[in-house]
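The values are calculated or read from the model by the stated rules, or taken from the named source; none is laboratory data. Values in this document were obtained by computation on a predicted structure and should not be read as measured data. Please note: Cβ atoms are built from the backbone with ideal geometry, for glycine as well, and neighbour counts cover all protein chains shown. Protein only, heavy atoms only, side chains kept; ligands, DNA and RNA dropped before computing areas. Shrake-Rupley method; radii C 1.70, N 1.55, O 1.52, S 1.80 Å.
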Amino acid sequence: MKAVVITEPGSVELTTVEDPTPGPREVVVAVAACGLCGTDLHILQGEFAPTLPIVPGHEFAGEVVAVGSAVTEVAVGARVAVDPSLHCGECHYCRMGRGNLCERWAAIGVTEPGGAAEFAVAPVANCVVLPDHVATADAALIEPLSCAVRGYDVLRSKLADHVLIYGSGTMGLMMLELAKRTGAATVDMVDLNPDRLATARQLGCSNATASADEIARPRGWDVVIDATGNAAAIQDGLGRVGRGGTFLQFGVADYATRAVIEPYRIYNQEITITGSMAVLHSYERAAELFAAGVLDPSVFISDRMPLADYAHALERFQAGVGRKIQVVP
């Protein structure tokens with residue numbers, strides 16, 4: 001089969017690899033579409049993946065074309081979205097119900113061959129069968145949505161919160177949609193990309209600007225979310241949290257990224273700084289929300305490109321062109 005392989009930091013190639021075969025509790029999925037995200041850029045830089053080469057792609061959906069000998073839950077022909085999370089189930093954090101912090105954390109498309117290929121293997125337990133009205137390729141959006149749902153689990157947001165989101169790419173826009181549906185009084189967006197700000201306005205944010213200075217919020221925001229991983233955005237956002245508010249680090253920053261905090265202010269104003277790591281008990285709920293129409297795929301998916309153009313697709317993504325970019329085998 002054809003697959004994208006990151007061979008070493010900064011190097012991507014389309015090559016032929018062996019067709020996958022399923023283990024007893026695994027299925028083989030013919031990939032309909034695979035989304036790109038910031039994690040893929042980090043893997044390209046040699047971060048996150050413990051070893052290279054690796055077939056990337058952790059946001060994918062497709063049709064089951066082979067099943068393992070002990071699989072009874074799905075049959076060949078089923079259309080599924082795949083949760084890429086691979087938790088050991090045995091370590092301290094898994095036993096505490098915190099599998100996303102697993103001491104042996106792994107994921108399809110990060111540490112194991114992923115969906116940037118014609119076919120991918122997944123545990124049957126990680127597959128969610130799609131309802132008839134959900135297009136298979138669109139369902140690749142469920143994985144990033146499940147990360148956003150996990151983010152809102154961490155926030156435990158209240159009705160009538162004022163929310164500020166840095167970054168109106170795919171993840172920031174998903175956080176916007178969830179904020180609207182969890183009772184936020186206002187949701188403001190900050191981004192330097194005018195096209196992405198235009199999409200935020202289309203989706204009904206309260207304000208969309210290049211700087212939070214342009215928004216009148218003298219007491220700050222109840223919730224500030226960084227969906228960029230950018231040091232300047234993070235630093236600015238930390239200063240925008242109001243008394244008793246929460247800052248969520250949701251965007252994936254480079255290992256070397258640093259920000260300065262003010263310990264006395266955090267103490268005196270009871271500010272919470274927290275993070276959200278990938279997916280935790282949120283994939284099935286994201287699938288339910290997606291099926292109910294929480295996202296409009298035609299707004300969120302800006303490009304579908306051939307698998308052979310994966311490197312170019314990553315370049316477009318890194319340049320901030322479009323929104324969710326998918327590759328299609």
Volume per residue that the Cα convex hull of segment 128-266 spans, once the total is divided by residue count, Å³: 131 Å³
Full-stretch length increase - Arg304, Glu8 - with 0.36 nm per residue and alpha-carbon distance subtracted: 104.0 nm
FRET efficiency, 1/(1 + (r/R0)^6) with R0 41 Å, evaluated for His281 and Thr209 via beta carbons: 0.75
Relative contact order %, the chain, counting alpha carbon pairs below 8 Å whose residues are six or more apart: 18 percent
Value of relative contact order over segment 207-272, rounded to a whole percent, pairs C-alpha under 8 Å and six or more apart: 32 percent
Calculated P(r) tail over 16 Å for segment 223-288, as whole % of Cα pairs: 50 percent
Shape box of segment 34-144 [Cα atoms, principal axes, largest first, Å]: 36, 31, 24
Accessible area of Leu14 in the full protein assembly, 1.4 Å probe (Å², nearest 10): 80 Å²
Mean shadow area of segment 1-88, taken as a quarter of the surface of its Cα convex hull (nm²): 6.3 nm²
Solvent-accessible area per residue for the chain (1.4 angstrom probe, square angstrom): 44 Å²
Largest to smallest accessible area among Lys158, Lys180 [probe 1.4 Å]: Lys158, Lys180
Estimated dipole of segment 19-119 in Debye, rounded to 20 [Cβ of Lys and Arg +1, of Asp and Glu -1, Cα centre]: 260 debye
Accessible-area order (highest first, 1.4 angstrom probe) of the listed residues Phe48, Phe250: Phe48, Phe250
Accessible carbon and sulfur surface of the chain relative to its total accessible area, %, 1.4 Å: 52 percent
Heavy atoms of Ile301 accessible to a 1.4 Å probe, total area in Å² rounded to 10: 20 Å²
At 1.306 mPa s and 10 °C, Stokes diffusion of the chain via Kirkwood alpha-carbon radius, µm² per second: 78 µm²/s
Sequence of Met175, Met1 from largest to smallest accessible area, 1.4 Å probe: Met1, Met175
With all protein chains modelled, accessible area of Asp222 [1.4 Å, Å²]: 50 Å²
Shape of segment 96-159, Cα gyration tensor, a/c cut at 1.5: oblate
Computed helical MRE - 222 nm, the chain, DSSP H runs ≥ 4 contributing -39500 (n - 2.57), nearest 500: -7000 deg cm²/dmol
Span from the segment 157-186 Cα centroid across to the segment 197-269 one, whole angstrom: 12 Å
Hits among lysines - C-alpha to C-alpha of Lys158 under 19 Å, sequence gap 8 or more where chains match: Lys180
